[in-house]
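Below is one structure, written out as structure tokens, with a few remarks after it.
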Amino acid sequence: MRIRFIRFFLFLCLLTGITYAQNLFGGKSRVEAGLIAEEISVQPGKAFWLAISLQMEEGWHTYWRNPGDSGLETKIQWELPDGFTAGKIQWPAPEIIREEHLVTYGYHGMIYLLVQLTPPAELQTNQPVLVKARVSWLECADICVPGETNVSLSLPVKAETPELHPAYMETFATARTKLPLVSEEWQFQASIENNTIIIYAQPPDWMKSEIEKAVFFPYTTGLIKYAEEQEFSLSGNGYRLVVPLKEKAVTPDTLAGILFSESGWRGPESEKAIEVVIEPKENIVITGSGDALTSIWMAILFSFLGGIILNLMPCVLPVLSIKIMGIINQAHDNSARPWQHGWIFTLGVLVSFWVLAGILLILKAGGAHLGWGFQLQSPVFLILLSVFMFLFALSMFGVFEIGTSLTTVGGRTNGKHGFWGSFISGITATIVATPCTAPFMGSALGFALIQPVWISMIIFTFLGLGMAAPFVLISSIPALLKFIPKPGRWMESLKQFMGFLLAATVVWLLWVLGIQSGATLVTIVLFNLLFTALAAWIYGRWGHLAMPKKNRITAVSLALVILALSNGLTYANIDNFNQAPKDMHPQDDGIQWKTFTQQEVDLLVKDGKPVFIDCTAAWCLSCQVNEEVAFSSSEVQQAFKDLNIHAFKADWTSQDESITKALARFNRNSVPLYVLYKGNPDKEPVILPELITPGIIMDALKSIER
Amino acid sequence: MKVNLSLIILVITTGFIIAGSTAQIGEKAPDFNLTDSNGKQHSLSDYKGKYVVLEWVNFGCPFVQKHYNSKNMQTLQKEYRDKGVVWLSISSSASGKQGYLSAAEINETLKEKSSQPNAYLIDEDGTVGKLYDAKATPHMYIIDPDGNLIYNGAIDNIRSTNVEDVAKAHNYVSKTLDALLTGEKVEPFSTEAYGCSVKYK
């Protein structure tokens, strides 16, 4: 009886492990390690759990798998009987240990590191097995001391299903609650932006409680700035966490770590950590009402600002200034209420924006692949617009006056006719603004167009409101007019100067046309402009009211005939002379650009070749700037050569169905778009930002697998 | 936020330049002035035209001991000093904390360990440590003759206190210096330093 008792006692001792803790300097360690098993016996072939316990003296800590700014992870080296395999350490969620401006991840008190062992199926049942492990760690208070211990445990092998060790049931259960939750129900996404990783977490539907604050601990070292604040916020129905990256950190293809929150990831009192394993994307679109709302506010703000800025564009400034001159005239007349004109002008702008957006949306709904800037893809529209702008410029120069004066585009504001005039100027302003919106706001409006209809309309509305804002402001607050000099000669000079801005717009339109349709058509259009100018001159010289009626009629008719003939002939001949130049971008930027075809790209991507696609257009100003800045860098050119990247240029200057479709594949309908396939057919391509620099390209190229 | 990108560019035509005053990789390494264990003043600018290694040290730290007990650090110091590199050991341990030694104790310890840096600089208040964002001991920096920070990080790639790992590890400092000294172009880079935390005030 006594012997059996002693044997049982010894057995228990073995079961709780034997520790020979000592630190490497011979002194007594402040950390005591132990080894326990969850079950009282081992069954051949059936995996079972062990726990390495670490009991730390007060004030001392050991480290997590990623120790952070300093420290060292605890290691377990197993010495197992033949055929046994050990799983990875299941790390409990660590705590943040702050020391000055350094942050480490570790543990105080008592922890259990769970490890699963799998015995071989052919294990003999007649003798116990001895499991040994060498546990090494770094124990730190304000100083650090490495520690090491050998622990071992003897376990009987039995054929029957093992029973849980009664003494450790609770220990294992508690230890498991401290492990990070592994859940399919939480959805995680991550994107890398501006040297941060942004993690989006979407809770499962049933999750009612809120996560108050969360912090990300990465498994890998050298990735994030541990000591920096991670910005946590609500995002739609989920959460958003901005994690600052180290400078020049190499971001892994898979981001793994845990999110830690006191709130519990399955409600209060549940697991405080959840495991996150995500492939970060360069660009992700997050859905969810809250987020959409915040981005709508941003969109509204920026479309309003954009609208205001439009007034400074060479196309719009002349219209606005004429309109303001009208107000000045009228303010000094003191005869009407200028603010009414302000609002009517606004209405004119809004109506034309709505019509424009409406047409676009209807065409899109009808299946047409269009994006903003589409107006400039049509030679007819380009020619019409350049004639219109040119005539406008001529009238500014004083070659002729539209109507009796500038009633339609600004001048008089008396009576009903004046209100109608304000409305028309609103429309005119929008029309003349179109060539300017495309280069400067192509991508912004492109974004607007892929949103739900009501969002598109809101964005267009605020763009219009922004455009009308300065005028409304000036017309509503007469006090402002005091700062403007009295009408006089300066107004005429200003008006003439504005004419040059319009002329510049014409030059630009013709340049775009030249790229689309070649030099011959541009020459024809220039002739058309010459005759248009002639007609305008005749009209201006002999067609005004001061002339005798007969002269006037002759002049007007002659002007109209010339205008009609010249324009008619031009439009009739567009197709005959429309020769799209073969190589639209004769660029000598040292990169071998090929013309984009989807088939060729698909084939190369499938072969695992790196491919770069540049979707561009002549009328897209940011595209031009990007090309000038980014692709002219010799470093970029060399990298393209060295990495053997197949470069494709998709030129959207003219309407091109295949490019529109290619853009749609990336949820875009505007240029610029830069896509990099990294040479791995299984991986999603990377979308570069709309404004690129050599640095951005080089960074993107770095990740290419050679 | 695709909407605002082009608009933001419109609105903000002048970009922001975030100019940190602390050491940035690939940028000019900040200058400093410290007194060594012999009472001599040293500035980084004194060594313009030479490669400079900064080694954050704390002899009480087991990670530092790993590299000194294995003679790894001393060998590196000697080898590169012979090749014209300036080696500065810096201690940012505050008075009363681990690794803080008086000037006499320093010289005694250096002798005992046969450590021969060009100088052992005392950064008792941690100013220079924080300027360089030194996190651990050892934490290594390499500065080129033009004063640019070429490397910031760990001494090697095996995080441990085990002396046996020294021989197996890839030593970032020696590999980088070898490349630099043979005239190879080295893209400035950083790794995560490992070791004990610097014992700041």
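The values are calculated or read from the model by the stated rules, or taken from the named source; none is laboratory data. A quick note: this is a predicted structure, and the numbers were derived from the prediction, not measured. Don't worry about glycine lacking a Cβ; one is built from the backbone with ideal geometry, like all the others, and counts go over all protein chains shown.
Numerical summary
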quantity: Single residue of A:Thr653, A:Thr660 found to be more than 14 Å from chain B (Cβ to nearest Cβ), assigned to a helix (DSSP H, G or I) and surrounded by 15 or more Cβ atoms within 10 Å (Cβ to Cβ); calculated: A:Thr660
quantity: Residue in the range A:72-94 that is within 14 Å of chain B (Cβ to nearest Cβ), in contact with a Leu (Cβ under 9 Å, 6 or more places away or on another chain) and polar (S, T, N, Q) present; calculated: yes
quantity: All positions within the range B:97-119 that are surrounded by 15 or more Cβ atoms within 10 Å (Cβ to Cβ) and among the basic types (Lys, Arg); calculated: B:Lys97, B:Lys113
quantity: The listed residue being away from chain B (no Cβ under 14 Å) and more than 54 Å from the chain's Cα centre (by Cα), out of A:Ala133, A:Ala159; calculated: A:Ala159
quantity: The range A:208-236 residues that are over 13 Å from A:Ile197 (Cβ atoms), paired with ones that are β-branched (Val, Ile, Thr) and assigned to a strand (DSSP E or B) (beta carbon under 6 Å, 6 or more apart); calculated: A:Tyr226/A:Val103; A:Ala227/A:Val103
quantity: Tally, over the range A:28-75, of residues that are farther than 20 Å from A:Val157 by Cβ, within 48 Å of the chain's Cα centre (by Cα) and assigned to a loop (DSSP other than H, G, I, E, B); calculated: 7
quantity: Filtered residue count, the range A:626-640, keeping only those that are assigned to a helix (DSSP H, G or I) and touching a residue at least 24 places away in the same chain (Cβ under 8 Å); calculated: 10
quantity: Residue in the range A:633-660 that is nearest to A:Lys281 (Cα to Cα), counting only those that are modelled with pLDDT of 80 or more and charged (D, E, K, R); calculated: A:Lys649
quantity: When residues of the range A:612-626 are limited to those that are touching an Asp or Glu at 6+ places or on another chain (Cβ under 7 Å) and not hydrophobic (A, V, I, L, M, F, W, C), the one surrounded by the most Cβ atoms within 10 Å (Cβ to Cβ); calculated: A:Thr616
quantity: Filter pass, A:Thr660 being of a type in the set (S, T, N, Q), in contact (Cβ under 8 Å) with a residue 60 or more places away in the chain and in the same structural domain as A:Ile696 (by TED's automatic domain parsing); calculated: yes
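Conditions tested, residue by residue: (1) in contact (Cβ under 8 Å) with a residue 12 or more places away in the chain; (2) part of a strand (DSSP E or B); (3) in contact with a helix residue (DSSP H, G or I) (Cβ under 8 Å, 6 or more places away or on another chain).
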residue	(1), (2), (3)
A:Gln77	yes, yes, no
A:Ile96	yes, yes, no
A:Tyr112	yes, yes, yes
A:Gln116	yes, yes, no
A:Glu122	yes, no, no
A:Gln127	yes, no, no
A:Ser136	yes, yes, no
A:Glu139	yes, yes, no
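Let's see how each residue does on (1) without any contact (Cβ under 8 Å) to a residue 12 or more places away in the chain; (2) closer than 25 Å to B:Pro62 by Cβ:
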site	(1), (2)
B:Ile142	no, yes
B:Asp156	no, yes
B:Val166	no, yes
B:Tyr172	no, yes
B:Lys175	yes, yes
B:Asp178	yes, no
B:Gly195	no, yes
